[in-house]
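This report concerns only the one structure given below.
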Amino acid sequence: MQAQTSAAVRCKSVVKTYDAGGDKVVALGGIDLEINMGELMMLVGPSGCGKTTLISVIAGILDQDAGSCEVFGEDLMHMRSGQKLKFRARNIGFVFQAFNLLPSLNAVENVSIPLIINGVKRQIAEKKAAKVLEQVGLGSRGKSLPSQLSGGQQQRVAIARALVHDPRLIVCDEPTSALDHETGHTVMDLLKEVALHQDRALVIVTHDARIFGFADRIARMDDGHIDKVVDSVDKL
Amino acid sequence: MNHIALKMLMGDRGKYLGIIMGLTFASLIMTQQPAIFVGLMTRSFSFISDLGLPDIWVMDPKVQFIDDVKPLQDTKLYRVRGVAGVKWAMPLYKGLLKARMADGTFQTCNVIGLDDATLIGGPPIMLEGKLEDLRRSDGVIVDIDGAKDKLAKPPLTPGGKPVPLKIGDSLELNDKRAIVVGIAKTTKTFQSQPVVYTTYSRAIRYAPRERKMLSFVLVKAMPGTDIPTLTRRIQEATGLAAYSQKEFMDLTWNYFMKNTGIPINFGISVTLGFIVGAAIAGQTFYNFTLENLRQFGVLKAMGTSNWTLLRMILLQAILVGMIGYGLGVGLTALFGYAMRNTIMAFKFPWQLLVFSGAGVTLICIFAALISIRKVIKLEPAIVFKG
């Protein structure tokens, strides 16, 4: 996919430190990163290099200590808490490593959650959720509980949940690490096919080198810094 | 989001039932034990409440409760009758006398002597015979519980059931003959002794002779007379204590509250029930929230506000609270129904429903608060931890 020039995310000198038993641990040591609309950006690197912290900051669920991170031109850190919640609910979709589906809700109900958070009535939300489930190939499993679905199917439900409210940014944390190779590829195909288009950007944090090929650009992180941003896996 | 909250709550059946059981237990203890307590305490003044006719009870000023009889001189009756505003004043004897049973054993009875002419102060319900039958020679009326149990005759066959006392049977009260002429239903008394009604003159004949024999004077006020004014007037004119029925019941209640261990014992039971119920329900509810913390984190990350999460947790707490309360109160009512014909004291007024409702509400608020605190402090970034 051809990367668009308009930036979905623009991070400048983002710093984040954690207090670990009195010691300051620098998770992000001045990150500069732009993610464009229509782009699938992968954040790769060893464990503890700050990938998850960075997507947490990008998604507005963690505040940086210094620097700025604009998402669609809005600086989330300076938003009021209520505004930030609304912004997140409308504009960001999440796909998690551990799927994080609510175990007592069936697939349709799980997928409808972002719509309900955005104030859509349950019946309408569930109708739309059923349609999105069809898009991800799970039209017939709408009434199934997460425990009745395989890992790949659960991740597809999670993808449907991330897409159902048409967010402009989707953040995925290790979406394939709990899946086997073939299922991981299927999930990535699905993400690229269904989730990615010109009005939307995807950020994927991953260790899984088998899926690097799906990225438009790859940012390699190490020790709280971005080493390198490349547009091809061969250049890593 | 309410739908999601309820699904989250009921999704884990084990935890859900655990919370409800804790609250049911707390609610049961908080209603059943006070119901027994209230039942027991009501028995302390049941003799007063059974006597609906008189407006005022007159007695020695040192009397502390209904069974604390300090006899008066018979002449006091006439002094009371002379007070302006008194429609009538009747004597009442109340004392504990030993009845000799057919098998030679003795049973202490509560003997009530009623005014010979009017029989005022008689039992509220006659099951067999008539109150007027007391005028028959040596006639006494016995309460049904006493007739069936403590005053019952020995079994006809060894190992058989005792034979209830019936009309025509005789007793010996202080070596004097008494013939049963009626069986009455009375409210059980605190000491659960058999109650034997007879005439005043016969009662003082049964009782060991003393200089003073009159236990109480029962007074009816003239129509339109203010009762508090009349009680004050009787006190001033006779130097005796005079109480309205309600005041005498309160005096008796307060005596038992202050001078017996009953309130403390039941208070401990109820407090323990509350603490154990709160601990079980609070801990289970808190654990339930802890186990769902990640799910709350997911909702928070997706844009759910703390206020919405708070409402969800409150809804969960209210639902389990209502179910637990309903089951607890229902079980208490069943317990009361099952025990209705036994010696067990049990009274379940609406105030107890309010009391246990408030208790369960407190437990739910406590359980919800500790859970809410955890959820509000929750960092949504936990959702990115594997």
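The values are calculated or read from the model by the stated rules, or taken from the named source; none is laboratory data. Note that the structure is a prediction, hence the values are computed from the model and not measured. Quick reminder, even Gly has a Cβ in these numbers, built from the backbone with ideal geometry, and neighbours come from all protein chains shown.
The residue list A:Arg168, A:Arg161 contains one member that is surrounded by 22 or more Cβ atoms within 10 Å (Cβ to Cβ) and within 14 Å of the chain's Cα centre (by Cα), which is A:Arg161.
Among the residues making up the range B:179-196, those that are out of contact with any strand residue (DSSP E or B) (no Cβ under 9 Å at 6 or more places or on another chain) and either more than 15 Å from B:Asp149 (Cα to Cα) or among the β-branched types (Val, Ile, Thr) (or both) are B:Thr187, B:Phe190.
Rundown of residues vs (1) surrounded by 20 or more Cβ atoms within 10 Å (Cβ to Cβ); (2) at pLDDT 90 or above; (3) touching a helix residue (DSSP H, G or I) at 6+ places or on another chain (Cβ under 6 Å), yes/no style:
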residue: B:Ile323; (1), (2), (3): no, yes, yes
residue: B:Leu327; (1), (2), (3): no, yes, yes
residue: B:Gly330; (1), (2), (3): no, yes, no
residue: B:Leu334; (1), (2), (3): no, yes, no
residue: B:Thr342; (1), (2), (3): no, no, no
residue: B:Phe348; (1), (2), (3): yes, no, yes
residue: B:Phe355; (1), (2), (3): no, no, no
residue: B:Ala358; (1), (2), (3): no, no, no
residue: B:Ile363; (1), (2), (3): yes, no, yes
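The set of residues in the range B:281-308 being surrounded by fewer than 20 Cβ atoms within 10 Å (Cβ to Cβ) and in a helix (DSSP H, G or I) consists of B:Gln283, B:Tyr286, B:Asn287, B:Leu290, B:Glu291, B:Leu293, B:Arg294, B:Asn306, B:Trp307, B:Thr308. Here A:Asn91 fulfils each of the conditions (1) touching a strand residue (DSSP E or B) at 6+ places or on another chain (Cβ under 8 Å); (2) over 22 Å from A:Val164 (Cβ atoms) apart from (2). Is it true that B:Ala358 is under 20 Å from B:Arg13 (Cα atoms) and not assigned by TED's automatic domain parsing to the domain that holds B:Lys150? Criteria not met by B:Ala358. Scanning the range B:48-71 for residues that are hydrophobic (A, V, I, L, M, F, W, C) and either surrounded by fewer than 18 Cβ atoms within 10 Å (Cβ to Cβ) or modelled with pLDDT of 85 or more (or both) yields B:Ile48, B:Leu53, B:Ile56, B:Trp57, B:Val58, B:Met59, B:Val63, B:Phe65, B:Ile66, B:Val69.
The number of residues in the range A:212-233 that are under 15 Å from the mean Cα position of the chain (by Cα) and β-branched (Val, Ile, Thr) comes to 1. For the range B:371-383, the count of residues that are among the β-branched types (Val, Ile, Thr), buried (at least 23 other Cβ atoms within 10 Å of the Cβ) and more than 14 Å from chain A (Cβ to nearest Cβ) is zero. Return the residues of the range B:85-113 that are outside any strand (DSSP E or B) and at pLDDT below 90; say none if nothing qualifies. Within the range B:85-113, B:Met101, B:Ala102, B:Asp103, B:Gly104, B:Thr105 qualify. Pairs are defined by a Cβ separation below 8 Å, a sequence spacing of at least 6 or placement on different chains, a first member in the range B:206-228 that is assigned to a helix (DSSP H, G or I), and a second member that is among the aliphatic types (A, V, I, L, M); the pairs so defined are B:Tyr206/B:Leu97; B:Tyr206/B:Val111; B:Tyr206/B:Leu173; B:Tyr206/B:Ala178; B:Ile227/B:Ile56; B:Ile227/B:Ala221.
Of all residues in the range A:61-75, none are at the interface with another protein chain (Cβ under 10 Å from one of its Cβ atoms) and over 28 Å from A:Asp216 (Cα atoms). Here B:Ile48 clears all of (1) away from chain A (no Cβ under 14 Å); (2) touching a Lys or Arg at 6+ places or on another chain (Cβ under 8 Å); (3) touching a residue at least 12 places away in the same chain (Cβ under 8 Å) except the condition numbered (2). Taken together, A:Ala89, A:Ala98, A:Ala107 contain a single residue that is surrounded by 24 or more Cβ atoms within 10 Å (Cβ to Cβ) and small (Gly, Ala, Ser), which is A:Ala107.
Screening the range B:281-315 for residues that are within 29 Å of A:Ile170 (Cβ to Cβ) and aromatic (Phe, Trp, Tyr) and picking the one that is nearest to the chain's Cα centre (by Cα) gives B:Trp307. Only one of the numbered conditions (1) in a loop (DSSP other than H, G, I, E, B); (2) without any contact (Cβ under 8 Å) to a residue 60 or more places away in the chain is not met by A:Pro167, and that is (2). A count restricted to the range B:363-380 and to residues that are in a helix (DSSP H, G or I) and either without any contact (Cβ under 8 Å) to a residue 24 or more places away in the chain or within 16 Å of B:Asn292 (Cβ to Cβ) (or both) stands at 11. Quick check on the range A:171-184: of everything there that is surrounded by fewer than 17 Cβ atoms within 10 Å (Cβ to Cβ) and free of Cβ contacts under 8 Å to residues at least 60 places away in the same chain, which residue is nearest to the other protein chains (Cβ to nearest Cβ)? Residue satisfying both the conditions and the ranking: A:Asp180. Checking B:Glu236 against (1) surrounded by fewer than 16 Cβ atoms within 10 Å (Cβ to Cβ); (2) touching an Asp or Glu at 6+ places or on another chain (Cβ under 9 Å); (3) modelled with pLDDT of 90 or more, which test does it fail? The number of the failed condition is (2).
Selection of the range A:185-236 for residues being within 21 Å of A:Gln135 (Cβ to Cβ), charged (D, E, K, R) and part of a helix (DSSP H, G or I) yields A:Asp189, A:Lys192, A:Glu193.
Considering the range A:48-60, the residues that are at the interface with another protein chain (Cβ under 10 Å from one of its Cβ atoms) and not in a helix (DSSP H, G or I) include one that is farthest from A:Val205 (Cα to Cα), namely A:Gly60. Residues that are within 8 Å of chain B (Cβ to nearest Cβ), in contact (Cβ under 8 Å) with a residue 12 or more places away in the chain and either under 18 Å from A:Glu126 (Cβ atoms) or charged (D, E, K, R) (or both) within the range A:76-102 comprise A:Arg88, A:Ala89, A:Arg90, A:Leu102, listed in sequence order. The test for being closer than 23 Å to A:Val111 by Cα, in a loop (DSSP other than H, G, I, E, B) and among the hydroxyl-bearing types (Ser, Thr, Tyr) holds for A:Thr176.
Determine whether A:Leu196 is modelled with pLDDT under 80, crowded, with 24+ Cβ neighbours inside 10 Å and either aliphatic (A, V, I, L, M) or at negative phi (or both). When the stated conditions are applied, A:Leu196 does not pass them.
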